[in-house]
């Protein structure tokens, strides 16, 4: 098992930085959406609403004379809740760029889905729920837990998708989806194409920095009514998620 000291401090810091700054930017919504149903709430600017909550913003600016975009507080209407299960392939070694990509994905999703449910599942030939849907855990803690999992050689994508299906079945959120972060090199267990169609939506973040199975990744996304996006390193994560979380 990896000792906590073996998890590079810069990787843990990366996950926190991404959670704050590398948030997926939702596509602009039209006025009908902004004025539609849902409770009106004040929250940091996330490139959606332009209805500034002046009183709340002034409170923030008194403490931060040099503001960032997200220091501006705007009014938005809440949308139907989502439940998202991120499946992280930890087969092989969770080091180097692989752990940085995992940190980027966890950080970006945590920053974007703070009003929704997010579960993290690590998998190899088996799987473990690192963070359940209802939990609120800092991204750095999640990355630390992922890095502590002993390296495993075989990859059972079928079992990972089955775990996601089970976790999502426990949620009452209006939207259910799974995101698979993997090289899609499936070499243990039944054919994952048998379970992919049972998910409401399955998107694939295909890690292409080393050996990978692009054909299987694309088939799983198609069967799961989602899309596949290639990621070579952690810098590719936010643009890929922007295509998925619309």
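Please treat every number below as a calculation from the coordinates, not as lab data. All values derive from a computational prediction rather than experimental measurement. Cβ placement follows ideal geometry from the backbone for every residue including glycine, while neighbour counts extend to all protein chains displayed.
A few points about this structure:
- Full extension of the segment from residue 242 to residue 141, taken as 0.36 nm per residue of separation minus the current Cα-Cα distance, would add 34.0 nm.
- Residues 167, 215, 97, ranked from the fewest to the most other C-beta atoms within 10 Å, line up as 215, 97, 167.
- Label-reachable residues, region 185-207, where backbone N falls under 18 Å from a point 7 Å from residue 222's Cα toward its Cβ: 185-186, 191-199, 201-206
- Paramagnetic label zone (point 7 Å from Cα along Cα-to-C-beta, residue 81; backbone N under 18 Å) in region 100-132: 110-120, 131-132
- Were the residues from residue 174 through residue 215 laid out at 0.36 nm apart, the gain over their Cα-Cα distance would be 11.7 nm.
- Rounded to 0.05, the FRET efficiency of the residue 134 and residue 233 pair, given R0 = 30 Å and the Cβ-Cβ distance, is 0.45.
- In terms of other Cβ atoms within 10 Å, 98, 125, 152 run from fewest to most in the order 125, 152, 98.
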